[in-house]
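Note sheet for the following structure.
The values are calculated or read from the model by the stated rules, or taken from the named source; none is laboratory data. Source: prediction; values computed, not measured. Virtual Cβ from ideal backbone geometry, glycine too; neighbours counted across all protein chains shown. For the accessible areas, the whole protein counts, side chains as well, though only heavy atoms, and no ligand, DNA or RNA atoms are used. Shrake-Rupley method; radii C 1.70, N 1.55, O 1.52, S 1.80 Å.
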Amino acid sequence: TGMTHGTPEYCESCLLADWLTRVAKVMFTHFPSGEARTFRERIDKRSGRRMRFSLAGQRLKRMGLLEGVSDYIIFDPPPSKKFTNVFLFIEIKARRGDGGRPPTVEQQRFIDAMIERGHLGKWFYGADEAIDWLKGLGYGR
C-alpha cells in the first residue's frame, strides 16, 4: 500500500522531514518508492491466474528501482564523530497506535545490507523515535 496525504505515516514523515530541515539542518532526501500507484489486472499466460500490476511500478523496476529502499537517506555523517563517511537510512512507520506495522522483509533486508556496508540504518514507529535516535548520534544540537 502506498502512503497518501493525511495518513498517519505521511504525517510522521512530514514531522521527520521538518526536523531534519529546521533543526538538524542536514542534507537528506526522501526516497518515494512507496507512493500509491494505479493497478491493472491481467491473466498470467502460464498459470491462468489473475495478476495485479502497476505500469509505473514495472517501469521503475526496469530502470533499476530496488525493493525496500528506506524512506530517508541522510548524507551528512553523524556530528558525534564516532562515525565518518557514512550515510544514514531511516524507514519510518506510523506509530503503533495509528496502525503502524513493522517493515516488510524487503525493507529490513535493505537496512541490513546498508549496515553490512558500514552505514547506519534503522526503522521506527513514528518521527519521535527516529528523532531521539538522531539526537543520540549528535544531530540537532
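Residues in region 120-132 that are part of a helix (DSSP H, G or I) and not charged (D, E, K, R) were compared, and the one that is most open to solvent (accessible area, probe 1.4 Å) is ILE131. When you check LYS135 against the structure, is it assigned to a loop (DSSP other than H, G, I, E, B) and either among the hydrophobic types (A, V, I, L, M, F, W, C) or out of contact with any Asp or Glu (no Cβ under 6 Å at 6 or more places or on another chain) (or both), yes or no? It is false that LYS135 is assigned to a loop (DSSP other than H, G, I, E, B) and either among the hydrophobic types (A, V, I, L, M, F, W, C) or out of contact with any Asp or Glu (no Cβ under 6 Å at 6 or more places or on another chain) (or both). Pairs are defined by a Cβ separation below 8 Å, a sequence spacing of at least 6 or placement on different chains, a first member in region 51-80 that is within 19 Å of LYS135 (Cα to Cα), and a second member that is open to solvent by 50 Å² or more (accessible area, probe 1.4 Å) and among the charged types (D, E, K, R); the pairs so defined are PRO79/ARG141. Pairing each residue of region 113-139 that is within 19 Å of ALA17 (Cβ to Cβ) and modelled with pLDDT of 95 or more with any residue that is among the polar types (S, T, N, Q) and part of a helix (DSSP H, G or I), provided the two are 6+ apart or on different chains, yields C-beta distances under 7 Å for TRP123/GLN107. Among the residues of region 1-37, the one identified as at positive phi and modelled with pLDDT of 65 or more is LYS25.
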